[in-house]
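The values are calculated or read from the model by the stated rules, or taken from the named source; none is laboratory data. A quick note: this is a predicted structure, and the numbers were derived from the prediction, not measured. Counting neighbours? That spans all protein chains shown, and the Cβs are built from the backbone with ideal geometry, glycine included.
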Amino acid sequence: MWVANGLSQDLPSGVVMAGNWQGAELAIWRSVSGRLAAWGDRCPHRGMRLSHGFVRGETLSCIYHGWTYGSDGACSKIPAHPTMVPPAAIKAEVYQCVEADGVIWVGPAGPEADLPDLSGMVAVRSVSVLGDVAALTRALPGFVADGALWRGQVGGVSVSLVVQARGAGLGLHALCGAAAHRVAVSRWLDGVVQLVEQEALT
Amino acid sequence: MIPAAVLNEWYPVAMIAQLAAWPGRQTLLLGSEINVFRDAAGAVVVQGADGPLAVTLAYGHVWACPGVPAHPLFPIPEADQPGRRLVDCGVVRVKCSPLRAVENFLDIAHFPFVHTDVLGAEPHTEVGRYEVQIREDSDEVWATKVHFYQPQAAKSAAGGIVTEYMYRVAAPTASVLYKTCPNNADEWDVIAIFVQPLTEELCEVWPWMALFDDTTPQADLIQFQQMIFLQDRSILENQIPRLLPLDPGKEIPTQADLTSIAYRRWLKRKGLTYGAQMVAA
Ligand code: FES
Ligand SMILES: [Fe+2]
């Protein structure tokens, strides 16, 4: 199953962020040349979260002892032993990570053909909201959910929300059918967050 | 059930200088509520639900044993050495296993990345060979001949210097390090951490120092240690799993981790499993 982990625009080159896939915590990062990767959020050395690490060129380094990993997840450098070639067994846990139509998707493996079709849509913005799918359903009458993808109309423009479970809440990744409506849809999204959080309390 | 081996050890529970009358310091030790206070006669009492605990006062701190003490509290002979300044550095609460806090204290390879430009700096990241032993006579873990390049070992130094360290695990949640002393070539500065295990995943860390340093203001010394420990906290609260793995699992140590390996082996051999996990995961 593919899980949306954000919008491409939220993850610039040289940046790492936390993500998830079905309860597994992830580090998702983009190399300086733009390559995307998603790994288990746990350094094979001593378990530090890799999402706290730093990107240099085409590598991600752990913030604890600086162990450095290439885009394939293999450890290429152990700073405490600069002349040692790290054994091939030292490898981050690699997930499949792709982006399509401005959305970053993570899956265990599988054909990209199964990605939801969002062609023609433009990315608006991602938000986090404290609430569950039931609250979201009450807050979004008229929207139709197909798995994690919710579609509807807002002020005459089509809107897609890709929903991601995020701890006690949800991540909502919004796209719309026309670039000219991005500001209006972004404002509408603020209202949705408020509504969901009110609904979640009732 | 907490193993007797764990209950029969000494743990720090308060700073002597901060003691007050009942109810005093209300805190947790190994998950149980305790009060640390001075009674009407001025004696220090550590009160648990089932009565008072065995108490020792040493190194600026109150130490308590919830079981039957297996041995006296470990010695730090330098504490009584003339000319040393004893410095209490307050307390830092960390949401991590007490054992992870000690293991981090024993680690030098993180200096360039976590304490950048203070205790270490790239490209001086190499950890050379050092010696580790579990000393049978004192039943302590020791690492000696540890050398590391430090960019700011002394404020006056124009460049970095190589500092020599010795590390010592003297109790399951207490460790002492000896560091070459910038102000006295024949002596070692002594820096310790005393870790109070509140629960298996929550601890309070009391740094304590015995230094040859008459000039640096107390506030500066404390602020320096606090800064170092706050940097360590950002690591300790983000390690997975929360409990310290005592069996080889998903973690891969290298030669630089020999002290950590010995510490885990020593804990396991002694059955000191509070804050540890036995099953590899
Ligand atoms: S835990 Fe990542 S490099 Fe040590
Ligand atoms: Fe540190």
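Could you grab me the full set of residues in segment B:180-197 that are buried (at least 20 other Cβ atoms within 10 Å of the Cβ) and farther than 22 Å from B:W266 by Cβ?
Filtering segment B:180-197 down to residues buried (at least 20 other Cβ atoms within 10 Å of the Cβ) leaves B:189-197.
Selection gives B:D189 alone.
Within segment A:56-91, track down each residue that is of a type outside the set (G, A, S) and surrounded by fewer than 17 Cβ atoms within 10 Å (Cβ to Cβ). Full working, then the answer.
Residues of segment A:56-91 that are of a type outside the set (G, A, S), as a first pass: A:56, A:58-60, A:62-65, A:67-69, A:72, A:75, A:77-79, A:81-87, A:90-91.
Within segment A:56-91, A:R56, A:E58, A:D72, A:P82, A:T83, A:M84, A:V85, A:P87 qualify.
Residue by residue through segment B:22-41, note down the ones that are within 18 Å of B:G275 (Cα to Cα) and either more than 24 Å from the chain's Cα centre (by Cα) or not in a strand (DSSP E or B) (or both). Outline the logic, then answer.
We begin by selecting, within segment B:22-41, every residue within 18 Å of B:G275 (Cα to Cα); these are B:27-33.
Within segment B:22-41, B:L30, B:G31 meet the criteria.
Can you tell me how many residues within segment B:133-155 are of a type in the set (F, W, Y) and within 17 Å of the chain's Cα centre (by Cα)?
1
Residues B:A49, B:A14, B:A58: which one is without any contact (Cβ under 8 Å) to a residue 60 or more places away in the chain and over 21 Å from the mean Cα position of the chain (by Cα)? First the steps, then the outcome.
Values: B:A14 fails: over 21 Å from the mean Cα position of the chain (by Cα); B:A58 fails: over 21 Å from the mean Cα position of the chain (by Cα).
Residue meeting the stated conditions: B:A49.
All but one of (1) touching a Phe, Trp or Tyr at 6+ places or on another chain (Cβ under 7 Å); (2) within 14 Å of chain A (Cβ to nearest Cβ); (3) without any contact (Cβ under 8 Å) to a residue 24 or more places away in the chain hold for B:L106; which doesn't?
(3)
If I ask for residues that are of a type outside the set (A, V, I, L, M) and away from every other protein chain (no Cβ under 12 Å), which ones from segment B:218-247 would you list?
Of all residues in segment B:218-247, those of a type outside the set (A, V, I, L, M) come to B:218, B:220, B:223-226, B:229, B:231-234, B:237-239, B:241-242, B:245, B:247.
Within segment B:218-247, B:Q218, B:D220, B:Q223, B:F224, B:Q225, B:Q226, B:F229, B:R233, B:D247 qualify.
I'm trying to understand the selection: among the residues of segment B:248-262, which are more than 8 Å from chain A (Cβ to nearest Cβ) and either surrounded by fewer than 21 Cβ atoms within 10 Å (Cβ to Cβ) or part of a strand (DSSP E or B) (or both)?
B:P248, B:G249, B:L258, B:I261, B:A262
Give B:L57, B:L73, B:L28 a once-over and let me know the one that is touching a Ser or Thr at 6+ places or on another chain (Cβ under 6 Å), among the hydrophobic types (A, V, I, L, M, F, W, C) and under 16 Å from B:F194 (Cα atoms).
Numbers: B:L57 fails: touching a Ser or Thr at 6+ places or on another chain (Cβ under 6 Å); B:L28 fails: touching a Ser or Thr at 6+ places or on another chain (Cβ under 6 Å).
The conditions single out B:L73.
Check B:A70, B:A43 and return the single one that is free of Cβ contacts under 8 Å to residues at least 12 places away in the same chain, of a type in the set (A, V, I, L, M), surrounded by fewer than 17 Cβ atoms within 10 Å (Cβ to Cβ) and not assigned by TED's automatic domain parsing to the domain that holds B:V169. Full working, then the answer.
Working: B:A70 fails: free of Cβ contacts under 8 Å to residues at least 12 places away in the same chain.
The conditions single out B:A43.
Which fully enclosed strands (runs of 3 or more DSSP E) of segment B:133-242 have 3 or more residues being in contact with a Gly (Cβ under 7 Å, 6 or more places away or on another chain)?
Details: elements: B:140-150, B:161-171, B:174-180, B:188-199, B:202-211.
Counting at least 3 such residues, we get B:140-150.
Of the residues that sit in segment B:77-132 and are of a type in the set (V, I, T) and in a loop (DSSP other than H, G, I, E, B), which one is farthest from the chain's Cα centre (by Cα)?
Within segment B:77-132, the subset of a type in the set (V, I, T) is B:87, B:91-92, B:94, B:102, B:108, B:114, B:116, B:118, B:125, B:127, B:132.
Next, from what is left, pick out any that are in a loop (DSSP other than H, G, I, E, B): B:91, B:108, B:118, B:125, B:127.
Working: B:V91: 12, B:I108: 14, B:V118: 20, B:T125: 23, B:V127: 21 Å.
Among them, the one singled out is B:T125.
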